[in-house]
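Okay, structure first, notes after.
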Amino acid sequence: MDYILEVKDLYKSYKDIKAVNGISFSVKRGSLFAFLGPNGAGKSTTINIITTLLDRDKGEVILNGKTNDTYFREKIGVVFQDNVLDDLLTVKQNLILRGSLYLNNKAAVHKRYEELKSFLNLEEFEHQPFGKLSGGQKRRTEIARALFANPELLLMDEPTTGLDPETRQTVWKVIDELRKRDGLTIFLTTHYMEEAVGADHVVIIDKGLIKVQGTPAALKDQYSHDRLVIVPHDKKAFEASLQKENIVYKKIADQFVIKVDETDEMFRLLDTYRKNIKSFEAIKGTMDDVFINVIGEVNGNV
Ligand code: ADP
Ligand code: MG
């Protein structure tokens, strides 16, 4: 198997906080790799170590079989959790300035700027100060900065956190295009579980440790379930029959939420209780369920 990045037995503590406490994983070339976890899980610490900004206490990080820092800085682009460009400079000034740190040929810098400008649609605001842009325009500019040196691996630390839904979609469109067009390997962290559905591989981290990893489909298979939500006409009778059948359910207001493993079982329940069903809804298991079941957070789901 062709892995672009391998992390082996990585540790990092800040005094007595074990931010990263012995994690190992591999990222396939050309894949979308999602690193999920709640606040404080150790995501940014891991990213900062991979990008060589932070020293590790122990462990190995291997990029294309290599381990030297200079090589990492050449091959990796990073979109940081917080924007890093200069508020007072325009989009173009910011990117040309950053670009000249990566490429030492003025013509090449301008050529690359033009490419990124058209790819990320920066035209309408290229002469505005970065500080005056909307959240989405800022993110697009930050992505352009990260892509300037044509990285093989793009690390994005919570690229969509705090953005409105429309802007989140814009960022996702860019991510999709980068994968399809350039076959770029993308490593992103997020705490929006549903964003991980399209990933090739998902790692869930909590308190510095990997809890589970796998494809979204495999994780959903194992840690989520479909549900049937029924509002009966006669609650008492309905509850009594569920109990008689030994069916596991949860009552929320006038709704009965029943875990269902097979579609056939859904049809059977609907058939059996048809006369007593006022309304119903079938709900597919989600990545949110996976997260709740793995991390143990409760937010009203069964
Ligand atoms: P995440 O990005 O998943 O939210 P972080 O990697 O930022 O998590 O943080 C992991 C843990 O390390 C948290 O408990 C956080 O408070 C702690 N931490 C992070 N950076 C520092 C630092 N520079 N000094 C002390 N503690 C830190
Ligand atoms: Mg973070």
Qualifying residue in the stretch 62-70 (condition: within 16 Å of ligand 2 (Cβ to nearest atom), open to solvent by 30 Å² or more (accessible area, probe 1.4 Å), modelled with pLDDT of 95 or more and touching a helix residue (DSSP H, G or I) at 6+ places or on another chain (Cβ under 8 Å)): no
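State yes or no: is L54 within 15 Å of ligand 1 (Cβ to nearest atom), surrounded by fewer than 21 Cβ atoms within 10 Å (Cβ to Cβ) and either over 17 Å from the mean Cα position of the chain (by Cα) or not charged (D, E, K, R) (or both)?
Against the criterion (within 15 Å of ligand 1 (Cβ to nearest atom), surrounded by fewer than 21 Cβ atoms within 10 Å (Cβ to Cβ) and either over 17 Å from the mean Cα position of the chain (by Cα) or not charged (D, E, K, R) (or both)), L54 qualifies.
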Pull out all pairs, ordered by first then second residue, where Cβ-Cβ is under 9 Å, the residues are six or more apart or on different chains, the first lies in the stretch 6-19 and is open to solvent by 90 Å² or more (accessible area, probe 1.4 Å), and the second is more than 16 Å from ligand 2 (Cβ to nearest atom) and not in a strand (DSSP E or B). none
How about the stretch 185-198: which of its residues are more than 16 Å from ligand 2 (Cβ to nearest atom) and crowded, with 21+ Cβ neighbours inside 10 Å? T185, I186
Any chance the stretch 239-259 includes a residue that's at pLDDT 95 or above, crowded, with 19+ Cβ neighbours inside 10 Å, assigned to a strand (DSSP E or B) and over 35 Å from the mean Cα position of the chain (by Cα)? no
Does L228 satisfy being more than 30 Å from L163 (Cβ to Cβ), open to solvent by less than 20 Å² (accessible area, probe 1.4 Å) and assigned to a strand (DSSP E or B)? yes
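When the residues of the stretch 34-54 are narrowed to those that are assigned to a loop (DSSP other than H, G, I, E, B) and hydrophobic (A, V, I, L, M, F, W, C), which ends up nearest to ligand 2 (Cβ to nearest atom)?
Initial filter on the stretch 34-54 (assigned to a loop (DSSP other than H, G, I, E, B)): 37-42, 51-54.
If we keep only those that are hydrophobic (A, V, I, L, M, F, W, C) too, we end up with 41, 53-54.
Values: A41: 8, L53: 13, L54: 12 Å.
Here the residue is A41.
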Kindly indicate which of E166, E177 is open to solvent by 10 Å² or more (accessible area, probe 1.4 Å), farther than 13 Å from L32 by Cα and away from ligand 2 (no atom under 16 Å from the Cβ). E166
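The values are calculated or read from the model by the stated rules, or taken from the named source; none is laboratory data. This structure is a prediction, so every number in the text was calculated from the model and none was measured. Glycine also receives a Cβ, built like all others from the backbone with ideal geometry; neighbour counts cover every protein chain displayed. Just so you know, the surface numbers come from the protein's heavy atoms only, side chains and all, with ligands and any DNA or RNA stripped out. Shrake-Rupley method; radii C 1.70, N 1.55, O 1.52, S 1.80 Å.
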